[in-house]
Each structure stands twice: as C-alpha cells, then as structure tokens.
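A.B. asks: Quick one: the structure is below, and I'll ask about it shortly.
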Amino acid sequence: MPKVTLPQLPVSGLFAIMKPSGPTSMSVINDLKQLIGNSRLFVEADKLEKRGKGKIPTRGKRAREIVKIGQGGTLDPLADGVLVVGIGKGTKRLNEFLDCVKEYRTTALLGCETDTYDSEGSRVRVAPWRHVTREAVESALNNFRGEIHQAPPIFSALKMEGRPLYEYARKGIPLPRPIEKRKVTIHSLDILEWKGSDHQFRWPEKAFTSDEKKAMEKALEGVEENPIIKDELEPAVGDEPPTSFVLSMKVSGGTYVRSIVHDLGHAVGSAAHVVTLTRSRQGHFALEPTADSEDKGCVPWDVFSRASESEGGVGEDGWTQWEREVIDRLEIIEGSKPQKTS
C-alpha cells in the first residue's frame, strides 16, 4: 500500500471505511465526526487549541464550521462494506461516487418477498421455492445482465406527486401513474455460491396483515390490472430451510440490488428477498484492493470504535492508530483535483 505524502496540515481528502451491518450510514458518519473534528489531521491546530477537545455537534452551522464531512452513497442498515467518506474539500468530490461503478455480494433467500425487499421488512407474500434449481436461476440471470430498466421498490422514499411511494402503499392511496423505471447497467451478475438449505437464514417473523395487503393492492390498482397479493403456500416437508444463494454483481450507479433479487424471485416462479448485502467496491475503493492497481483499501470500523472509547497514545510519528490507518488510505484533495500519492 503506497504511503501518502502529507502537505501542510490540515488536509482535505477522501477515504473509505468498512461499514458494519446494523447502524445507519448517518450514525456512522456522526460517530466518525467526533474523531475527525478533534484531529489536527483535518482541523487547524489553533482552532483545536482555542476550542479544546470535546463533543462535536452533528448538525447545524456550528458542526460545519468545525469540520465538513459527508459520505458518497448511503448503505442501508442491513448492508456492510465500502462507504466512501469526504472531509473538507473532499466533500465536493462525493457526487462522483454516486454514479460510479459499484460491486456487491448479496445473499438471496427464496420463498418470501418483503415490503423492503430485504430481511429488515415484513413478509408480504410467500411462494413455492422447492422447484427452483441452480440451473433455473442461472438461466434467469441472463435477463438481468446488460442495460435494463428497473423499477424502484414501492416501499421506498422516492416521491411521486410530492408524496413518498411508501405512503401510497401503507395508506392504500392509488398511485397516480406507474412507478418510472430507471435505466441501469448490470456489467456482470453471477452465482457466487449455491447454499441450498445449508444455512441459518429464515423468513422475517413479522408479516403483513390482511388490511395491509388490501392497502397495497389499492395503491397498485391504478397501474396494475387486478393486483392481488396472496400467499401461495407450499406443502410443509419437515423444517427444511428455503433455498439460499449468493450473487456477485458489478453495476452502474443507481442500481437497486434488492430489486434485482426481488425481480429474480418472480422470474423463477417464486419470491425472494435479500438477507445479506456487502458493497465490495465503490469506484477505486475496495474491500480487497489488488496489488497491481491503484485501488485503495478501507479502514475497518473497529479501528474507529476502539478510538472512540480510548484514542490511545501517540506514536513516534505523532499520530494515533486511527489517524495512521486513515493516512495510509487517504486520497488528499487539493482544490478540485486529487494530489498524487508517493
């Protein structure tokens, strides 16, 4: 890993963290802000001396005056992996990471679809799954590669006529028009692992009530002919878990990984939702950077977690452990162009 030559402090830059599954991206950034805002790496020494170290506000003008920080593409709480962080002038470069090519690994579980298209949501519909073979899934994947048009989930925050889509679905308000599909590019899409029933995943316990299903049907009335949300139960055979498999994909910005899994479930005559999701690459930041490229790796989140409890001592180089980890992976931004590393 090439070292970064630091110019005059403080610096602006980009680096990536390895977000864990569980917390929201915003909470991760707010936690990170407490360290960043108290570090001479990113804040003027005279400001630190005048203000003293202490808790940094997470919102408002005061927070922005201390340090500018942002992220280049939200990950859902369920998801883990690459989260690009911009500091200072680096925040102006974050839009580049919204539209860049990204890579993901996701685990799909057959037989059930949820309102959020992942295991964090509630069961909307269950369907037979034992008939689905690896060969059937591989054949169906052909229809998802290349340039496709993808509909965002109805339970999303995207707005139609000023109202979030999830409000239509929850309140039973008919959609005024079909959800506009987005053109995205799926550069690659393959089965990485076929787990079958050898796993610990299960469908969510929480399920839609009959009233919630009727509300969703009502919302879809204006755009679908006779929409019916109905369970198609499969005869029980012991307690065999539903089939699961892992997909790897390389996609353009704006792609909904959860929608690919949801639509794939329909394509094989079943239902499906996401149970794990990892962003393994975002632009030139990667979980596993290759040695013969200019890829940059990610700082593990536990480095920041430990530092939040106790920053530890300063080394001979004048930096704490978390600062050294960031410096090793930092892309310094001078004006609007990144400074070359050596």
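The values are calculated or read from the model by the stated rules, or taken from the named source; none is laboratory data. Bear in mind the structure is a predicted one, so any value in this text is a computation, not a measurement. No Cβ is skipped: glycine too gets one built from the backbone with ideal geometry, and neighbour counts run over all protein chains shown. Remember, those area values only see protein heavy atoms, side chains included, never the ligands or the DNA or RNA. Shrake-Rupley method; radii C 1.70, N 1.55, O 1.52, S 1.80 Å.
A.B. asks: Within the set of pairs 6+ apart or on separate chains, which have a first residue in region 135-160 that is touching a residue at least 40 places away in the same chain (Cβ under 8 Å), a second that is in a helix (DSSP H, G or I) and of a type in the set (Val, Ile, Thr), and C-beta atoms under 7 Å apart?
C.D. replies: Cβ pairs passing all conditions: 144/260.
A.B. asks: I would also like to ask the following. With region 104-203 as the region, which strands (runs of 3 or more DSSP E) entirely inside it contain at least 2 residues that are hydrophobic (A, V, I, L, M, F, W, C)? Reasoning before the result, please.
C.D. replies: Details: elements: 112-114, 123-126, 146-150, 182-196.
Of the strands (runs of 3 or more DSSP E) lying wholly inside region 104-203, those with at least 2 residues that are hydrophobic (A, V, I, L, M, F, W, C) span 123-126, 182-196.
A.B. asks: Read through the list (1) in a loop (DSSP other than H, G, I, E, B); (2) of a type outside the set (Gly, Ala, Ser); (3) open to solvent by 20 Å² or more (accessible area, probe 1.4 Å), then give the number of the only condition that residue 75 fails.
C.D. replies: (3)
A.B. asks: Select from region 88-103 the residues that are assigned to a helix (DSSP H, G or I) and of a type in the set (D, E, K, R) and write down the one among them that is farthest from the chain's Cα centre (by Cα). Talk me through it step by step, then tell me what you get.
C.D. replies: Of region 88-103, the ones assigned to a helix (DSSP H, G or I) are 88-97.
Filter once more, keeping what is of a type in the set (D, E, K, R): 89, 92-93, 96.
Working: 89: 24, 92: 20, 93: 19, 96: 16 Å.
Looking at the filtered set, the residue picked out is 89.
A.B. asks: Also, I was wondering about something else. In this structure, is residue 189 aliphatic (A, V, I, L, M), within 26 Å of the chain's Cα centre (by Cα) and surrounded by 14 or more Cβ atoms within 10 Å (Cβ to Cβ)?
C.D. replies: Details: aliphatic (A, V, I, L, M): yes; within 26 Å of the chain's Cα centre (by Cα): yes; surrounded by 14 or more Cβ atoms within 10 Å (Cβ to Cβ): yes.
Judged against the criteria, residue 189 is a match.
A.B. asks: Something else now. Could you list, in sequence order, all residues of region 137-151 that are touching a Ser or Thr at 6+ places or on another chain (Cβ under 7 Å) and open to solvent by less than 10 Å² (accessible area, probe 1.4 Å)?
C.D. replies: Once the filter is applied, which keeps residues that are touching a Ser or Thr at 6+ places or on another chain (Cβ under 7 Å) and open to solvent by less than 10 Å² (accessible area, probe 1.4 Å), region 137-151 yields only 150.
A.B. asks: Could you check region 34-53 and list, in sequence order, the residues that are assigned to a helix (DSSP H, G or I), of a type outside the set (Asp, Glu) and open to solvent by 20 Å² or more (accessible area, probe 1.4 Å)? Can you show your working first?
C.D. replies: The initial filter retains those residues of region 34-53 that are assigned to a helix (DSSP H, G or I), namely 34-36, 45-51.
Checking which are of a type outside the set (Asp, Glu) leaves us with 34-36, 45, 47-48, 50-51.
Passing the criteria: 34, 45, 47, 48, 50, 51.
A.B. asks: Given 126, 101, 84, 67, which one is open to solvent by 30 Å² or more (accessible area, probe 1.4 Å) and either within 26 Å of residue 168 (Cα to Cα) or in contact (Cβ under 8 Å) with a residue 12 or more places away in the chain (or both)?
C.D. replies: Numbers: 126 fails: open to solvent by 30 Å² or more (accessible area, probe 1.4 Å); 84 fails: open to solvent by 30 Å² or more (accessible area, probe 1.4 Å); 67 fails: open to solvent by 30 Å² or more (accessible area, probe 1.4 Å).
Among 126, 101, 84, 67, only 101 is open to solvent by 30 Å² or more (accessible area, probe 1.4 Å) and either within 26 Å of residue 168 (Cα to Cα) or in contact (Cβ under 8 Å) with a residue 12 or more places away in the chain (or both).
A.B. asks: For residue 134, all conditions in the list (1) open to solvent by less than 30 Å² (accessible area, probe 1.4 Å); (2) farther than 30 Å from residue 16 by Cα hold save one; what is the number of the exception?
C.D. replies: (1)
A.B. asks: On to the next question. Quick one: in region 242-289, which of the residues that are under 19 Å from residue 192 (Cα atoms), polar (S, T, N, Q) and over 19 Å from the mean Cα position of the chain (by Cα) is surrounded by the most Cβ atoms within 10 Å (Cβ to Cβ)?
C.D. replies: The extreme case among them is 243.
A.B. asks: If residue 43 satisfies every condition in (1) closer than 20 Å to residue 77 by Cβ; (2) at pLDDT below 90; (3) aliphatic (A, V, I, L, M) but one, which is the exception?
C.D. replies: Among (1) closer than 20 Å to residue 77 by Cβ; (2) at pLDDT below 90; (3) aliphatic (A, V, I, L, M), the lone unmet condition for residue 43 is (1).
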